[in-house]
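The values are calculated or read from the model by the stated rules, or taken from the named source; none is laboratory data. Only a predicted model underlies this, so the values are computations on that prediction, with no experimental measurement involved. Please note: Cβ atoms are built from the backbone with ideal geometry, for glycine as well, and neighbour counts cover all protein chains shown. These area figures cover heavy atoms from the full protein model, side chains too; ligands, DNA and RNA do not enter into them. Shrake-Rupley method; radii C 1.70, N 1.55, O 1.52, S 1.80 Å.
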Amino acid sequence: AEYDRQVLIYRAARANDLELAELFSDPHKWLCTWRMSQRIYQHTYKDQLYGQNYLRYKLDLDVPADMGVHRAGADVQVCGKLLERLMVDALEQGMLDITQPLAPQMLSLTHDPILVSVWPMGKYRDQPLEKIPTDYFLWALDNLSVLNEKNPGHSRDLIASVTVELEKRL
């Protein structure tokens, strides 16, 4: 959703529609099917592919077979069908409660950190977080840009995962 959000902000600003640009600017009002897919299917797909085009076929979404890809109209239709499927699967997994308003729950699926259980890089790549020494985490927090919130390329999921693991050890 971040790419689409930036495009819409840019287009609205170019059209001198600052009110519309402002409306698009809050990332916490956007659903992201990629993030939702990561959360909902994180223990299902070992290959960790969550892109719209991949999931279109993996989940056998009900879209015409001859519909193109990477075209605005086709992408919107596939995204809509993917969102419907994500909601169904989230309900089946108990991630959504139909007795409560769905929009805040779906935003939570998009924006809450997705905790990882395996270290993704370097010396301890593919190691469970609980097996990684505390001193390595402390070093990583000070030295790895992916764990520095001031870096635009940081991973809030990995930061949250390290934080949770370190809090368990206290």
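Looking only at residues of the stretch 85-116 that are acidic (Asp, Glu) and more than 16 Å from Arg35 (Cβ to Cβ), we find that the one that is least open to solvent (accessible area, probe 1.4 Å) is Asp97.
Of the residues that make up the stretch 117-127, is at least one surrounded by 17 or more Cβ atoms within 10 Å (Cβ to Cβ) and within 19 Å of Leu166 (Cα to Cα)?
Here is the first cut: in the stretch 117-127, the residues surrounded by 17 or more Cβ atoms within 10 Å (Cβ to Cβ) are 119, 124.
Now narrow it down to the ones that are within 19 Å of Leu166 (Cα to Cα): 119, 124.
Yes, some residue in the stretch 117-127 is surrounded by 17 or more Cβ atoms within 10 Å (Cβ to Cβ) and within 19 Å of Leu166 (Cα to Cα).
Among what's in the stretch 38-52 and is out of contact with any helix residue (DSSP H, G or I) (no Cβ under 6 Å at 6 or more places or on another chain) and either open to solvent by 60 Å² or more (accessible area, probe 1.4 Å) or modelled with pLDDT of 90 or more (or both), pick the residue that is nearest to Gln6 (Cα to Cα). Spell out how you get there, then give the answer.
Step one: of the stretch 38-52, the residues out of contact with any helix residue (DSSP H, G or I) (no Cβ under 6 Å at 6 or more places or on another chain) are 38, 41-49, 51.
With either open to solvent by 60 Å² or more (accessible area, probe 1.4 Å) or modelled with pLDDT of 90 or more (or both) added as a condition, the list becomes 42-44, 46-49.
Values: Gln42: 26, His43: 30, Thr44: 31, Lys46: 30, Asp47: 28, Gln48: 25, Leu49: 23 Å.
Here the answer is Leu49.
If only residues of the stretch 151-170 that are over 15 Å from the mean Cα position of the chain (by Cα) and either part of a helix (DSSP H, G or I) or small (Gly, Ala, Ser) (or both) are counted, the one that is farthest from Leu115 (Cα to Cα) is Arg169. Is there a residue being within 16 Å of the chain's Cα centre (by Cα) and under 16 Å from Leu109 (Cα atoms) anywhere in the stretch 5-27? Yes, there is a match, as at least one residue in the stretch 5-27 is within 16 Å of the chain's Cα centre (by Cα) and under 16 Å from Leu109 (Cα atoms). Just one of the numbered conditions (1) loosely packed, with under 11 Cβ neighbours inside 10 Å; (2) at pLDDT below 95; (3) among the basic types (Lys, Arg) is not true of Arg156: (1). Apart from one condition, Leu166 fits all of (1) modelled with pLDDT under 95; (2) within 26 Å of Tyr41 (Cα to Cα); (3) not acidic (Asp, Glu); the exception is (1).
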